[in-house]
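Q: Before I ask anything, let me first share the structure, which is written out below as structure tokens.
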Amino acid sequence: MLKTAPSSTLNAQPSTAQRPLLRVPACKPLVGIETVASHLGAEYGTEDVSELADLGTLAWVWNFATKGAERRELRFLWAEVEHYKLTLGHRPKEWSWEQVLKLVLPQPHDNPVIAWSRLMQRWSASADMALYLVNEGSPVAVPGSSWRRGRGGAALVTRSSVVEFLKERRVQ
């Protein structure tokens, strides 16, 4: 069971053979499990990363799977993953909800409406996932807002319902 970095990395010395840090654009504050596993190194598989989420070692993780889905669709806060890698998991950083929301929600933060497709792009999620989640009411579309595939088909959702969505979907 992983609580910190695997023991093989605890005494690791930097070498040219180590993979460089992945550079994920700031416009992608949430990333999928494969990206996290790749970033953490060869000793981590997706099962190990999933375990880090379940144990709370990586605390800012959400399951974006639709209700009743068999498989989890985990999204990780990239800033936390980078911090975990740089400290080898020995110095967890405390993040507040306010800090996380500033990272994962687009600006301006006082806008009550957000284009759902824009969020899904920022959160490394597919257009299909976006449609499925809006269709099930997670989050709430603005009345009169339509959603469909293609240009101009983005549903508008309320910022407050997006915050609720994140609270409900957080892996704890």
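The values are calculated or read from the model by the stated rules, or taken from the named source; none is laboratory data. Treat the numbers as computed from the prediction; the structure is a model and nothing was measured. Cβ placement follows ideal geometry from the backbone for every residue including glycine, while neighbour counts extend to all protein chains displayed.
Q: Quick test for you: out of S145, S117, S124, S138, pick the one residue that is among the small types (G, A, S) and assigned to a helix (DSSP H, G or I).
A: The conditions single out S117.
Q: On the given criteria, is F64 hydrophobic (A, V, I, L, M, F, W, C) and in the same structural domain as S38 (by TED's automatic domain parsing)?
A: Judged against the criteria, F64 is a match.
Q: If you check T35, T57, which single one turns out to be in contact (Cβ under 8 Å) with a residue 60 or more places away in the chain and either outside any loop (DSSP other than H, G, I, E, B) or in contact with a Gly (Cβ under 7 Å, 6 or more places away or on another chain) (or both)?
A: T35
Q: Here are some residues: R148, R72, R91. Which one is under 13 Å from the mean Cα position of the chain (by Cα) and over 22 Å from C27 (Cα atoms)?
A: Residue meeting the stated conditions: R72.
Q: Related question: Picking from N111, N135, which residue would you name as being polar (S, T, N, Q), on the phi < 0 side of the Ramachandran plot and touching a helix residue (DSSP H, G or I) at 6+ places or on another chain (Cβ under 7 Å)?
A: So the residue among N111, N135 that is polar (S, T, N, Q), on the phi < 0 side of the Ramachandran plot and touching a helix residue (DSSP H, G or I) at 6+ places or on another chain (Cβ under 7 Å) is N111.
Q: Please determine whether any residue of segment 97-110 is under 27 Å from W147 (Cβ atoms), β-branched (V, I, T) and part of a loop (DSSP other than H, G, I, E, B).
A: No; the residues of segment 97-110 include none that is under 27 Å from W147 (Cβ atoms), β-branched (V, I, T) and part of a loop (DSSP other than H, G, I, E, B).
Q: Let me ask you something else. Select from segment 110-130 the residues that are within 14 Å of the chain's Cα centre (by Cα) and polar (S, T, N, Q) and write down the one among them that is farthest from N63 (Cα to Cα).
A: Applying the filter and picking the extreme gives Q121.
Q: A follow-up question, please. Can you report the number of residues in segment 70-92 which are surrounded by 13 or more Cβ atoms within 10 Å (Cβ to Cβ) and either assigned to a helix (DSSP H, G or I) or on the phi < 0 side of the Ramachandran plot (or both)?
A: 16
Q: I would also like to ask the following. Which of the residues spanning segment 133-142 are at pLDDT 85 or above and not aliphatic (A, V, I, L, M)?
A: Across segment 133-142, the qualifying residues are E136, P139.
Q: Picking from S96, S160, S117, S124, which residue would you name as being in contact (Cβ under 8 Å) with a residue 24 or more places away in the chain, closer than 28 Å to D48 by Cβ and among the hydroxyl-bearing types (S, T, Y)?
A: Exactly one of S96, S160, S117, S124 is in contact (Cβ under 8 Å) with a residue 24 or more places away in the chain, closer than 28 Å to D48 by Cβ and among the hydroxyl-bearing types (S, T, Y), namely S124.
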